[in-house]
1. Quick one: pull the percent of accessible area on the stretch 1-154 belonging to carbon and sulfur, 1.4 Å probe, ligands and nucleic acids left out.
2. Nearest 5 is fine: what % of DSSP beta bridges in the chain come out antiparallel, could you say?
3. Would you rank VAL116, VAL49, VAL34 by solvent-accessible area, highest first, keeping every protein chain in place and using a 1.4 Å probe?
4. Between the stretch 199-225 and the stretch 91-145, what is the separation of their alpha carbon centroids in Å?
5. Per residue, what volume in Å³ does the Cα convex hull of the chain take up?
6. Would you mind calculating the gained length between ARG209 and VAL34 on full extension (0.36 nm times residue separation, minus the Cα-Cα distance), in nm to one decimal?
7. With an 8 Å cut-off on Cα pairs and a minimum separation of 6 or more residues, tell me the relative contact order of the stretch 1-89 in percent.
8. Suppose accessible area is computed on protein heavy atoms with a 1.4 Å probe; arrange HIS127, HIS191 from highest to lowest.
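The values are calculated or read from the model by the stated rules, or taken from the named source; none is laboratory data. Predicted model only: the values in this text are computed from it and were never measured. Every residue, glycine as well, gets a Cβ built from its backbone with ideal geometry; the counts of neighbours run over all protein chains shown. Heavy atoms of the whole protein, side chains included, go into the accessibility calculation; ligands, DNA and RNA do not. Shrake-Rupley method; radii C 1.70, N 1.55, O 1.52, S 1.80 Å.
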Amino acid sequence: MNAADDKTIVKDYFNSTGFDRWRRIYGDGEVNKVQLDIRNGHQQTVDTVLSWLKADNNLAELSICDAGCGVGSLSIPLAEAGAKVYASDISEKMVEEGKQRASQTLPNPENLTFAVQDLETLSGSYHTVICLDVLIHYPQEKADEMISHLCSLAQSRLILSFAPKTCALTILKKIGSFFPGPSKATRAYLHRETDVAKILERNGFVLQRQAMTRTRFYFSRLLEATRK
C-alpha cells in the first residue's frame, strides 16, 4: 500500500464512519469506556500543549498552524487565548464540525480560520506549527516527508505528537488492542522517537520540551522543537 492510498483511506474514513466515532470521542456526550479513555488521553495531550504555550506568556502575539486540527479541540482554545490560528484537516466533515464549535465558543471568530487541506499542500509561514495525533496514520517514509514539510512552515517552533514504537505497543497493535472498536481505522503506524528526532535535527530544529500521555488505550509522545 503506497502513501497515496494511505491518504485516501484516511480522508474517506474521517468523512464517513470515522467522523461519527471521533466526533463523539472529541465531544462531551456519553461514550463507551474505551472511547472515554481515548477522549481523556487526547485531552491530556491538548492540555499539555496549551500549558506549554500559555506558560510562555505570548500567545496573543503568535501565528499558529494547527495541522490536522480535527474538530478544533486545540485550535479553538488557542484562538480564544488570543493567537491567530490557521486550522486545517483532510476531512471536510471534521472542519465543518470545528467551525460549528468555534461559532458557539469564540467571541472573536476572526482569530481562527478553518480549511480543508492535507498536510502536503499546506503553505505559508507561522511562528508555531502544531500537528497532534496525525502521524499514526502514515508510515515512516511518508511521516519523514510530512515532518520535513511542517518544519519548512515553522518560523520558530514545531510541536508534534506520535504513537511511540516500543516493544509493548508493537505487541498491542499486533493483537488488535491498540485502537479497538468496529469502526477503527485500518492501519495505525508507530514511530521511533529517535527517528523523529533525527528528522527534526536534519531540518535545523533542536528538542526543547517533551511529554508522554499514557492511558489504557491512548499513547502519545509529544515533542516541542525550536529552530537552532
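1. So the carbon and sulfur contribution to the accessible surface is 47 percent.
2. Once the DSSP bridges in the chain are tallied, antiparallel ones form about 40 percent.
3. I get VAL116, VAL34, VAL49, largest accessible area first.
4. 18 Å
5. Spelled out: Cα convex hull of the chain, divided by residues, is 113 Å³.
6. 60.1 nm
7. It comes to 21 percent, rounded to a whole number.
8. Largest to smallest exposure gives the sequence HIS127, HIS191.
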